[in-house]
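Every read-out reported here was derived from the displayed coordinates using simple, explicitly stated rules and does not represent laboratory data. The structure displayed is predicted, hence computed values, not measured ones. For neighbour counting, all protein chains shown are included, and Cβ atoms are generated from backbone atoms with ideal geometry for every residue, glycine included.
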Amino acid sequence: MEPSQNIRQQLRDFIDGRLKAKNDLNPFDDTTPLVSSGRMDSLDVIEMVIFLEDKFGLNFAKIGFDQSHVDSVDSIIRLVKQGAA
């Protein structure tokens, strides 16, 4: 599995778990808006930030927070890749 696929799968698993905990069993793809659509709320976003900092070493205190960067799997992958650069 290539690194970006591994990141993608880890993100999808995390998001899937958050959604299932809310009984949201609707499918999502890598471009599905999750926060702006209301499927993920502020608590989910906080958990996402903690997950991203722990798992991928992102430092939101340095990079700042922009909701659009955590609104879909694709946008999160871009953020992780930028943070790793």
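For the chain, a Gaussian network of Cα nodes joined below 10 Å ranks Leu52, Leu34, Leu25 by mean-square fluctuation, and the top entry is Leu25.
Each residue of segment 38-44 is assigned a 3J(HN,Hα), and the resulting list reads x, 5, 10, 9, 4, 5, 4 Hz, derived from the Karplus form 6.51 cos²θ - 1.76 cosθ + 1.60 (θ = phi - 60°), x at Gly and Pro. Net charge of the neighbourhood of Asp29, taken over other residues with C-beta under 10 Å away and scored Lys/Arg +1, Asp/Glu -1, is -1. In a DSSP loop and with at most 13 other Cβ atoms within 10 Å, the trypsin sites (Lys or Arg not before Pro) in segment 20-85 are Lys22.
Largest GNM mean-square fluctuation among Ile63, Ile50, Ile15, using the chain with Cα springs under 10 Å: Ile63. Length gained on full extension, Ile77 to Ala21, computed as 0.36 nm times the residue gap minus the Cα-Cα distance: 17.9 nm. For segment 1-51, the Kirkwood hydrodynamic radius from C-alpha pairs, put into Stokes-Einstein at 37 °C and a viscosity of 0.692 mPa s, yields a diffusion coefficient of 285 µm² per second. Mean residue ellipticity at 222 nm, helices only, the chain: -18500 deg cm²/dmol; runs of at least 4 DSSP H residues each add -39,500 (n - 2.57), and the sum is divided by the number of residues.
If contacts are Cα pairs under 8 angstrom and at least 6 residues apart, what is the relative contact order of the chain in percent?
The normalised contact order for the chain reaches 35 percent.
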